[in-house]
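Here the structure comes first, spelled out in structure tokens, and everything after it is commentary.
The values are calculated or read from the model by the stated rules, or taken from the named source; none is laboratory data. This one's a predicted model, so the numbers in the text were calculated from it and none came from an experiment. As a convention, Cβ positions derive from the backbone with ideal geometry for all residues, glycine included, and neighbour counts pool all protein chains shown.
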């Protein structure tokens, strides 16, 4: 079954793509998501890149719906068929690294009576793991800023899955507890705002 591109935050649940490494430290994760970007000395303040630097980031809690399935051709399509009109925004499909015969599917959103019934008919159920959906403008160093901020606050990520399409980025971040997810929300917004401020105020000399 095709697998999505994912970065494993490295806890206990096998929630990532096939052959994913078991864990990442915050610094290693930062290098995989957005990279670490620095500026040369001698930079000067400029207002010309203010518009470019705008990076509105939206963070909201979400509930992933999840099912464990057999890893065989057509298994993912069988789960998605009842949901083809649900307007899914997030779809993750992956096999378990330690058991290639089994796989998992996670989707979002499932809202409304008809969608809930369709999801249940497909074998999906609401996952208990707290998760945040982060959406915004993509900028170099954003992945580092987010993961470093959470690491400094002592918040452990259960998983981190991110992607970039054009100039926009999105990520789903899982946490061990609801309290950690609540604490992470303002930290993520602040970290993103810090990247915006840096891009606005710094222009590298040629």
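Looking at 104, 171, just one residue is crowded, with 19+ Cβ neighbours inside 10 Å and under 16 Å from the mean Cα position of the chain (by Cα), and that residue is 171. Scoring residue 150 on the criteria (1) buried (at least 20 other Cβ atoms within 10 Å of the Cβ); (2) in contact with a strand residue (DSSP E or B) (Cβ under 6 Å, 6 or more places away or on another chain) leaves a single failure, condition (2). Tell me, which residue of the stretch 84-97 that is surrounded by 14 or more Cβ atoms within 10 Å (Cβ to Cβ) and without any contact (Cβ under 8 Å) to a residue 40 or more places away in the chain is farthest from residue 112 (Cα to Cα)? Among those that are surrounded by 14 or more Cβ atoms within 10 Å (Cβ to Cβ) and without any contact (Cβ under 8 Å) to a residue 40 or more places away in the chain, it is 88.
When you look at residue 171, is it at pLDDT 95 or above and touching a strand residue (DSSP E or B) at 6+ places or on another chain (Cβ under 8 Å), yes or no? Spelling it out, residue 171 is indeed at pLDDT 95 or above and touching a strand residue (DSSP E or B) at 6+ places or on another chain (Cβ under 8 Å).
Check whether at least one residue in the stretch 33-51 is at pLDDT below 95, assigned to a helix (DSSP H, G or I) and loosely packed, with under 13 Cβ neighbours inside 10 Å, and report yes or no. Steps first, please.
Step one: of the stretch 33-51, the residues at pLDDT below 95 are 33-51.
Right, trim to assigned to a helix (DSSP H, G or I) and you get 50-51.
Now narrow it down to the ones that are loosely packed, with under 13 Cβ neighbours inside 10 Å: 50-51.
Yes, the conditions are met somewhere in the stretch 33-51.
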